[in-house]
Amino acid sequence: MTLRLNSVLDAIGNTPLIRLNRASEETGCEIYGKAEFLNPGQSVKDRAGLFIIRDAEEKGLLAPGGLIVEGTAGNTGIGLSLVAKALGYQTVIVIPKTQSEEKKDALRLMGAELIEVPAVPYKNPNNYVKLSGRLADQLAKTHPAGAIWANQFDNTANRDGHVVTTAEEIWHQSGGDIDGFICAVGTGGTLAGTAMGLKRHSGRIKIGIADPMGAALYSYYTSGALKSEGSSITEGIGQGRITANLEGFEPDFAYQIPDEEALKIVFALVEEEGLCLGGSSGINIAGAIRMAKDLGPGHTIVTILCDYGNRYQSKMFNPAFLKEKGLPIPGWIGRKPEFDV
Ligand code: PMP
């Protein structure tokens, strides 16, 4: 491991694989999580931020001081903003109001300009992604240093980043001893890119998608129709269309994971393994467990630990929020203190 880096950009990626002990023991498989919360922006999306900005630079689209505009559930904005600061650009982030305050605070800390907008479906012209595209067009014409739209959903520089980093790292870290890879989809960059990179090494590696309720990809990959039902409190995942990053992608296994199943895993990981993760990691691990059961004992499966739990302290780790959503509250949250002085 390199301990001396030239900039924070070199700290993006090369995250460790962590064995998920209970999940492995329950299934008789080896289940590993790639610890993406250890990236400098504390999420898997630092990789997309770096690759999208580097790609725009290579294409000559960014001038010094230029603006990078993006619509994001938060983590991509954090990744883009830290990379932008390191390279001399600015970010303007359009974010749905419903996203956690912790992510908005992290964006403000990274010096991003935040525009909070109502959360409306993608087909609505005022959806945050579409608003960010229109704003980028306008700023490209009026801002003295110009502007680009990062466009993480349909910019395949996002997926390419995972082909050349995430997949390569997983292949080498597992010594080629890997039978399956599974994760959820926001843009699809992580799943499609990592799958593509791993399949280049070995066509026998099985790929799974773990879809939250309210997303349409489980139905798409099992019946061909983009249909959704239910909803999820998880953030950053849950796609209703085939993004450019997902084009040509075909999973071998597809699972639909209710929040209760994912949260149980997240809460047990805190209590039993000292690992405090965000909700999408819970969906991913639940998917890895289901895939392990389908593949049978003795297989090695890797998934993604997308971000850290502190990003959701006011939501999925808050008893009032859980109660309001009718979700189970783990015993250790809000437990009366046992000791005093
Ligand atoms: N989990 C979290 C917490 C995220 O922020 C994101 C990105 N939106 C994802 C998972 C999904 O990653 P991708 O966009 O690569 O599909």
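Derivation of every value follows stated rules applied to the coordinates shown; laboratory data play no part. Only a predicted model underlies this, so the values are computations on that prediction, with no experimental measurement involved. Reconstructed Cβ throughout: ideal geometry from the backbone, glycine too, with neighbour counts over all protein chains shown.
With N counted as the residues of the stretch 242-285, its alpha-carbon radius of gyration over 2.2 N^0.38 Å works out to 1.48. Once C-alpha pairs closer than 8 Å and six or more residues apart are averaged by separation and normalised to the residue number of the stretch 260-341, the relative contact order reads 27 percent. The alpha-carbon atoms of the stretch 16-165 define a convex hull whose volume equals 134 cubic angstrom per residue.
Using a Förster radius of 41 Å, what is the FRET efficiency between V164 and L327 based on their Cβ-Cβ separation? Nearest 0.05, please. Display every interim value, and only then the final one.
Numbers: r = 38 Å, r/R0 = 0.93.
Using R0 = 41 Å, I get an efficiency of 0.60.
Against the chain, whose longest principal axis is taken from its Cα atoms, helix 75-87 shows a tilt of about 50°.
As a length-normalised measure over Cα pairs under 8 Å and 6 or more apart, the relative contact order of the chain settles at 18 percent. When the convex hull of its Cα atoms is viewed from all sides, the chain shows a mean projected area of 18.7 nm². Other residues whose C-beta falls under 9 angstrom from the C-beta of L17 contribute a net charge of +1, scoring Lys and Arg +1 and Asp and Glu -1.
So what does log10 I(q)/I(0) come out to for the stretch 218-272 at q = 0.24 Å⁻¹, using the Debye formula with one equal point on every Cα and no solvent? Each listed q maps to, in turn, -1.09. From the P(r) of the stretch 265-306, could you give the percentage of C-alpha pairs in the tail past 12 Å? When all Cα pairs of the stretch 265-306 are counted, 59 percent exceed 12 Å. Semi-axes of the equivalent ellipsoid for the stretch 179-246, computed as √(5λ) from the eigenvalues of its C-alpha gyration tensor and ordered from largest down, come to 22, 12, 11 Å.
Values of log10 I(q)/I(0) for the stretch 137-189 across q = 0.23 Å⁻¹ run -0.92, by the Debye formula with one identical scatterer at each alpha carbon and no solvent. Would you please state the base-10 log of I(q)/I(0) at q = 0.12, 0.16, 0.20, 0.21 1/Å for the stretch 232-310, with intensities from the Debye formula using one equal scatterer on every alpha carbon? The Debye formula, applied to the Cα set alone, gives -0.38, -0.67, -0.99, -1.06. In the stretch 82-195, the C-alpha radius of gyration followed by the widest Cα-Cα span (Dmax) gives 16.9, 52 angstrom. So if the hydrodynamic radius of the stretch 40-96 is defined as the Kirkwood radius over C-alpha pairs, what does Stokes-Einstein give as its diffusion coefficient at 4 °C and 1.567 mPa s, in µm² per second? This corresponds to a translational diffusion coefficient of 117 µm²/s. Ellipsoid semi-axes for the stretch 63-137, based on the Cα gyration tensor and the rule √(5λ), read 21, 15, 7 Å when sorted largest first. The convex hull around the C-alpha trace of the stretch 1-69, projected and averaged over every direction, spans 6.9 square nanometres.
Average projection, convex hull of the Cα set of the stretch 290-341: 6.8 square nanometres.
Taking the Kirkwood radius as Rh and the Cα radius of gyration as Rg, the stretch 118-270 has a ratio of Rg/Rh equal to 1.02.
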